[in-house]
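Notes to accompany the following structure.
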Amino acid sequence: MITKALIQDIPALTTLINSAYRGETSKKGWTTEAHLLEGKRTDEPEMTKIFLDPKNTILKFTEDDKIIGSVLLVEKGHQLYLGMLTVSPELQNSGIGKKLLAEAENQAKTLGLSSIIMTVISVREELVAWYKRHGYADTGKREAFPESDIHVTVSDVPLEFIYLEKSI
């Protein structure tokens with residue numbers, strides 16, 4: 001079931017997101033960034049800031065009262081920014097990501113927005129290809145990947161974001 005996440009979901013969401021993107025647990029799934037980045041993908045203070053901004057919505061995919069998927073949606077003018085699409089590593093390739101993506105597109109339509117945009121690390125070719133199969137196109141726009149205490153690069157290749165977009 002996909003519903004809007006609540007502020008009390010922050011601990012479970014933080015654990016889920018970190019488990020899917022970084023560290024040993026993430027290597028069970030195909031969306032890991034562990035070979036590119038160390039540290040956490042997010043933390044509870046960052047998640048709290050996300051929840052406190054009225055332009056942000058986090059959708060959660062729940063099964064048996066456990067959050068097993070999530071996605072961040074941010075209203076940006078006439079577009080919806082999609083970020084942190086997450087599925088529990090053990091459950092990737094089971095259709096949960098597709099369902100969250102479809103619900104994000106429904107949200108964009110409901111809000112009367114013209115497109116969904118996102119950023120993906122350019123060297124994550126499998127992930128870029130997955131989004132392209134779901135109708136997203138490379139806009140050609142690039143942005144340097146931000147270094148921070150949370151995002152510690154371990155890749156020999158310089159990282160950058162590519163922007164993908166899908167008209168709704």
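The values are calculated or read from the model by the stated rules, or taken from the named source; none is laboratory data. Values in this document were obtained by computation on a predicted structure and should not be read as measured data. No Cβ is skipped: glycine too gets one built from the backbone with ideal geometry, and neighbour counts run over all protein chains shown. Only protein heavy atoms, including side chains, enter the accessible area calculation; ligands, DNA and RNA are left aside. Shrake-Rupley method; radii C 1.70, N 1.55, O 1.52, S 1.80 Å.
Working only within the stretch 96-115, note down all residues that are closer than 19 Å to Leu13 by Cα and of a type in the set (Gly, Ala, Ser).
Initially, the stretch 96-115 is screened for residues closer than 19 Å to Leu13 by Cα, giving 96-101, 103-104.
Correct list: Gly97, Ala104.
Residues that are surrounded by 15 or more Cβ atoms within 10 Å (Cβ to Cβ), over 27 Å from Arg142 (Cβ atoms) and under 14 Å from the mean Cα position of the chain (by Cα): does the stretch 64-81 have at least one? If you could, list the steps in order and put the result at the bottom.
Here is the first cut: in the stretch 64-81, the residues surrounded by 15 or more Cβ atoms within 10 Å (Cβ to Cβ) are 67-75, 79-81.
Applying the additional criterion that residues be over 27 Å from Arg142 (Cβ atoms) yields 67-69.
Adding the requirement that they be under 14 Å from the mean Cα position of the chain (by Cα) leaves 68-69.
Within the stretch 64-81, one or more residues are surrounded by 15 or more Cβ atoms within 10 Å (Cβ to Cβ), over 27 Å from Arg142 (Cβ atoms) and under 14 Å from the mean Cα position of the chain (by Cα).
Output the qualifying pairs, or none if there are none: Cβ atoms under 6 angstrom, residues six or more apart or on different chains, first residue in the stretch 74-88 and closer than 21 Å to Lys40 by Cβ, second residue open to solvent by 10 Å² or more (accessible area, probe 1.4 Å) and part of a loop (DSSP other than H, G, I, E, B).
Correct list of pairs: Val74/Lys55.
Go through the stretch 89-103 and give me each residue that's outside any helix (DSSP H, G or I) and either in contact with a Pro (Cβ under 6 Å, 6 or more places away or on another chain) or within 17 Å of Tyr21 (Cβ to Cβ) (or both). Give the steps one after another, and end with the answer.
Quick first cut of the stretch 89-103, residues outside any helix (DSSP H, G or I) only: 92-95.
Listed by number, the residues that qualify are Gln92, Asn93.
Mind listing just one residue for me: the one in the stretch 3-61 that is at pLDDT 95 or above and in a loop (DSSP other than H, G, I, E, B) and, of those, least open to solvent (accessible area, probe 1.4 Å)?
Of everything passing the filter in the stretch 3-61, Ala5 is least open to solvent (accessible area, probe 1.4 Å).
Please pick out the residue among Thr86, Thr119, Thr110 that is in contact with an Asp or Glu (Cβ under 8 Å, 6 or more places away or on another chain) and polar (S, T, N, Q).
Details: Thr86 fails: in contact with an Asp or Glu (Cβ under 8 Å, 6 or more places away or on another chain); Thr110 fails: in contact with an Asp or Glu (Cβ under 8 Å, 6 or more places away or on another chain).
Going through Thr86, Thr119, Thr110 in turn, the sole match is Thr119.
Being open to solvent by less than 20 Å² (accessible area, probe 1.4 Å) and either closer than 25 Å to Ile117 by Cβ or free of Cβ contacts under 8 Å to residues at least 60 places away in the same chain (or both) is the filter here, so list the residues in the stretch 89-100 that pass it. Working first, answer last.
First pass over the stretch 89-100, keeping only residues open to solvent by less than 20 Å² (accessible area, probe 1.4 Å): 89, 96-97, 100.
Ile96, Gly97, Leu100 - these are the residues of the stretch 89-100 that are open to solvent by less than 20 Å² (accessible area, probe 1.4 Å) and either closer than 25 Å to Ile117 by Cβ or free of Cβ contacts under 8 Å to residues at least 60 places away in the same chain (or both).
Take the conditions hydroxyl-bearing (Ser, Thr, Tyr), open to solvent by 60 Å² or more (accessible area, probe 1.4 Å) and in contact (Cβ under 8 Å) with a residue 12 or more places away in the chain and apply them to Thr139. Does it pass? So that I can check it myself, show each step before the final result.
Details: hydroxyl-bearing (Ser, Thr, Tyr): yes; open to solvent by 60 Å² or more (accessible area, probe 1.4 Å): yes; in contact (Cβ under 8 Å) with a residue 12 or more places away in the chain: yes.
Criteria met by Thr139.
Residue by residue through the stretch 104-149, note down the ones that are in a helix (DSSP H, G or I), more than 29 Å from Gly39 (Cβ to Cβ) and within 18 Å of the chain's Cα centre (by Cα).
Glu105, Asn106, Gln107, Ala108, Arg133
Can you tell me how many residues in the stretch 124-136 are open to solvent by less than 30 Å² (accessible area, probe 1.4 Å) and charged (D, E, K, R)?
Counting residues in the stretch 124-136 that are open to solvent by less than 30 Å² (accessible area, probe 1.4 Å) and charged (D, E, K, R) gives 1.
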